[in-house]
Amino acid sequence: MGPGSTMSHQLLPVLLLLLLCGALSSWGQEQGPESPSEEPPEEEIPKEDGILVLSRHTLGLALREHPGLLVEFYAPWCGHCKALAPEYSKAAALVAAESMAVTLAKVDGPAQLELADEFGVTEYPTLRFFRHGNRTHPEEYAGPREAEHIVEWLRRRVGPSATRLEDEASAQALIDARDLVVIGFFQDLQDEDVATFLALARDALDMTFGLTDRPQLFQHFGLTKDTVVLFKKFDEGRADFPVDDELGLDLGDLSRFLVTHSMRLITEFNSQTSPKIFAARILNHLLLFLNQSLAAHRELLAGFGEAAPRFRGQVLFVVVDVAADNEHVLRYFGLEAEAAPALRFVNVETTKKYAPVDGDPVTATSVTAFCHAVLDGQVKPYLLSQEVPPDWDQRPVKTLVGKNFEQVAFDETKNVFVKFYAPWCTHCKEMAPAWEALAEKYKDHEDIIIAELDATANELDAFAVHGFPTLKYFPAGPGRKVIEYRSTRDLETLSKFLDNGGELPMEEPLEKLAPPSPEPPTNSTVGSKEEL
C-alpha cells in the first residue's frame with residue numbers, strides 16, 4: 001500500500017470525528033433534547049380527569065388544537081392546588097357537557113420551570129386563558145375557585161357576556177331567573193358605552209347581564225335615556241345608573257355602583273359573606289353584635305335595618321352573631337360575647353374603631369344618631385388595651401399593655417427594648433428563650449428595660465404593628481426616638497445592639513432572618529390588622 005493510502009487511513013478517523021461533531025452541533029441546536037422548541041409532531045397529550053396534562057413539549061400543540069385553552073399552573077405540594085383539583089375537574093366536565101369551545105389543561109410548575117418562567121408564574125395555583133393560539137397575551141383568571149364560577153367566566157369569553165333582549169317577555173324572564181340582574185338600556189348598541197358595559201359583564205360573575213336597544217323596553221321600565229338598571233330580589237328591588245350624556249359610561253363608577261347596590265342593606269357576617277363585605281369598597285362598617293338565638297336580640301334588627309337606607313354606599317350595616325364562630329371579630333373590637341347587644345363602628349382604611357358613648361338601646365333613632373356622630377367627627381376612636389397586670393414589672397421581661405406603654409417606653413431615663421408579639425406567632429415562640437435570656441442578662445442595669453406587648457390585644461396611639469415579632473428600641477433622652485431592630489434574634493446579636501446604643505457595630509453583617517409573621521388567616525378580614 002502506497003504512502004497515499006496510509007495517509008488516507010490516518011485521516012479517516014479524524015474526518016469522521018469532524019463530521020460527527022458538526023452533525024451533533026447542528027442537530028443538537030435544532031433537535032437536541034435540551035431545546036425548548038422541541039415539539040414532537042402529533043404527540044398524544046395525556047389526560048387526567050378530563051384535563052390535559054401539558055409540558056413544554058406539548059403546550060404549542062395544545063394551543064394549535066384548542067381555540068380556547070385554560071391552563072392551571074400548579075405545584076404538587078400546594079394545599080390551595082389540592083383544594084382546587086376537584087372543582088377544576090368538575091369545571092372540565094361542565095365545559096364538555098356544554099360543548100363549549102374551551103379545553104382545560106394543567107402544568108406542573110416546579111417540573112416545568114421553563115413554562116412557569118415564560119408566563120411569569122410566581123404563585124400556585126395560577127390560571128391563564130389562551131385564545132386562538134396566542135401564546136404571548138394570556139388572560140389571568142382571578143375569580144372564585146369554584147367550578148360554576150370558572151365555567152361562567154369562560155362562558156362569557158367564548159360567548160356574549162350579556163343576553164340580547166328583544167321584548168318584555170325575555171326581559172322579565174331574565175329578571176325572574178336570578179337574584180341579581182343587570183340590564184343595559186342603550187339606544188345605540190354600537191356606542192362605545194356598550195363596549196364598556198360588556199367589558200364589566202365579563203368579570204362580574206355574581207350577576208347576570210342583559211342588553212337591549214328596544215324602545216318598547218325603555219318605555220316599559222320608565223326610561224327615557226341610556227341607563228344601566230340593577231334588578232334585585234331584596235331591599236329596594238331596583239337601582240338605576242343613568243349614563244352621563246357628556247362623559248359617557250365610566251367603568252369604575254359603574255362597578256362601584258353595582259357593588260354598592262348589590263349588597264343587602266343588612267349583611268350577616270359569616271365565612272361566605274366576609275369576602276363580599278370587604279370587596280364592597282365601602283370603608284365605614286357599622287356592626288351590631290347580638291345573639292341570634294335570643295328573641296329579644298332579634299327584635300333589634302328592625303330598628304337597625306330601618307336606619308340603613310339613608311347610609312347606602314356610605315356605611316355598610318353588618319350583623320355579627322356572638323353565638324356563632326365569630327370570636328376573632330369580638331376580639332378585634334375588644335368585646336366579650338356577654339356585651340351583646342352592642343354597636344361598634346370601624347373605618348377599615350384607618351382601622352379606627354368607635355363605640356356609642358351613651359349606651360342607648362338599639363333603635364333606628366339611636367343607630368342613625370351614632371352614625372352621624374362618627375361621620376361628623378363628634379366621637380373619638382377608642383384603642384384596645386388590657387388592664388395593667390399588678391406584677392407587670394416583677395419578671396425580668398416586663399409586661400406592657402396599651403395603658404402603661406407610653407409612660408414606660410418613652411421614659412427619658414430608660415433605654416427600653418420591646419418585643420411586639422402575637423400569642424399564636426411561631427417566630428415569636430422561637431425567639432422567646434433568647435428574649436428571656438436577654439432580660440436576665442440586663443436585669444441589673446437600671447437604665448435598660450426589656451419588655452413585651454401582645455399587639456393583638458393592645459393598640460397604640462404612636463404607631464400600628466402589622467407583623468410579628470416586631471422589635472423596637474426606645475433610647476433614653478427626649479424626642480420620643482424609635483429604632484426598629486431588623487437583625488438576627490439571638491442573644492449575642494441582641495446584646496451587641498444594646499451595648500452599642502441601639503445599632504449594630506459596622507463590622508457586624510446583617511444576617512437573613514425569617515420575616516415578621518402577619519396575622520393568621522381567618523374567615524374574616526375584620527379579625528386581621530394586616531388586611532384591614
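The values are calculated or read from the model by the stated rules, or taken from the named source; none is laboratory data. As the structure is a computational prediction, the values presented were derived from the model and not from experiment. Don't worry about glycine lacking a Cβ; one is built from the backbone with ideal geometry, like all the others, and counts go over all protein chains shown. Surface areas here come from the heavy atoms of the whole protein model, side chains and all, with no ligands, DNA or RNA. Shrake-Rupley method; radii C 1.70, N 1.55, O 1.52, S 1.80 Å.
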Measuring with a 1.4 Å probe in the full set of protein chains, what accessible area per residue, in whole Å², belongs to region 352-490? 50 Å²
Among F304, V319, N284, whose Cα lies farthest out toward the positive end of the dipole of region 272-370, if unit charges sit on the beta carbon of Lys, Arg (+1) and Asp, Glu (-1)? N284
Cα gyration tensor of region 257-378, axes a ≥ b ≥ c as square roots of the eigenvalues: rounded (a/c below 1.5), prolate (a/b > b/c) or oblate? rounded
Rounded to whole Hz, the Karplus (6.51, -1.76, 1.60) HN-Hα couplings of region 134-142, x for glycine and proline: 6, 8, 8, 10, x, 9, 8, 8, 10
Measuring from a point 7 Å past the Cα of F463 along Cα-to-C-beta, which residues in region 406-424 have an amide N at less than 19 Å? 406-422
To the nearest 20 debye, what is the magnitude of the charge dipole of region 274-366 about its Cα centre, counting +1 on the Cβ of each Lys and Arg and -1 on the Cβ of each Asp and Glu? 480 debye
Just how large is the dipole of the chain about the Cα centre, in debye to the nearest 20, putting +1 at every Lys and Arg Cβ and -1 at every Asp and Glu Cβ? 380 debye
With an 8 Å cut-off on Cα pairs and a minimum separation of 6 or more residues, tell me the relative contact order of the chain in percent. 8 percent
Pop out the ³J(HN,Hα) list for region 155-167 in order, Karplus 6.51 cos²θ - 1.76 cosθ + 1.60 with θ = phi - 60°, rounded to Hz; leave Gly and Pro as x. 4, 7, 9, 8, x, x, 7, 9, 7, 6, 10, 10, 8
Surface accessible to a 1.4 Å probe, per residue, for the residues of region 270-327, Å²: 44 Å²
Using modelled amide H (1.01 Å from N, peptide plane; none on Pro or chain starts), what sits under 5 Å from the amide H of Y141, excluding residues fewer than 5 places away? L127, R128, F129
Between Q187 and A373, what length comes free when the chain is fully extended (0.36 nm per residue of separation minus the Cα-Cα distance, one decimal in nm)? 62.5 nm
Distant-in-sequence amide H partners of K398 (H built 1.01 Å from N, under 5 Å): I450, A451, E452
Under a 1.4 Å probe, what is the accessible area of region 167-244 per residue, stated in Å²? 47 Å²
If you roll a 1.4 Å probe over the chain with all protein chains in place, what percent of the accessible area is carbon or sulfur? 53 percent
Accessible surface, 1.4 Å probe, highest first, among residues W392, W153, W77, W424: W77, W424, W392, W153
Only bridges with both residues in region 54-143 count here: give the DSSP antiparallel percent, nearest 5. 55 percent
SASA check, D179, accessible area w/ 1.4 Å probe, all protein chains in place, rounded to nearest 10 Å², comes out at 90 Å²
Looking at region 269-428 only, what percent of DSSP beta bridges run antiparallel? Nearest 5 please. 55 percent
Could you give the size of the charge dipole of region 64-212 about its Cα centre, using +1 on the Cβ of each K and R and -1 on the Cβ of each D and E, expressed in debye and rounded to the nearest 20? 560 debye
Of the beta bridges DSSP finds with both residues in the chain, what % are antiparallel, to the nearest 5? 55 percent
Taking amide H atoms as placed 1.01 Å from N in the peptide plane, list the residues 5 or more away in sequence, or in a different chain, whose amide H sits under 5 Å from that of F209. T163, V182
Which of the three applies to region 166-308, rounded, prolate or oblate, going by the alpha-carbon gyration tensor with a ≥ b ≥ c and a/c under 1.5 meaning rounded? prolate
Surrounding charge for G305, neighbours by C-beta under 15 angstrom, Lys/Arg +1, Asp/Glu -1, total -1
On alpha-carbon atoms, Rg over Rh for the chain using Kirkwood Rh? 1.11
D411 - accessible surface, heavy atoms, 1.4 Å probe, Å² rounded to 10: 50 Å²
Under the rule rounded for a/c under 1.5, else prolate if a/b exceeds b/c, else oblate, using alpha carbon gyration tensor axes a ≥ b ≥ c, region 117-162 is classed as oblate
Tell me, what ³J(HN,Hα) does each residue in region 357-363 have, in order and in whole Hz, if you take phi through Karplus 6.51 cos²θ - 1.76 cosθ + 1.60 with θ = phi - 60° and put x for Gly and Pro? 8, 9, x, 5, x, 7, 9
Set the bar at 21 Å for Cα to Cα. Now go through K414/K443; K276/K380; K380/K419; K353/K414; K414/K481; K352/K414 and name every pair that lies beyond it. K276/K380; K380/K419; K353/K414; K352/K414
Need one value: the accessible area of V320 in square angstrom, 1.4 angstrom probe, rounded to the nearest 10. 0 Å²
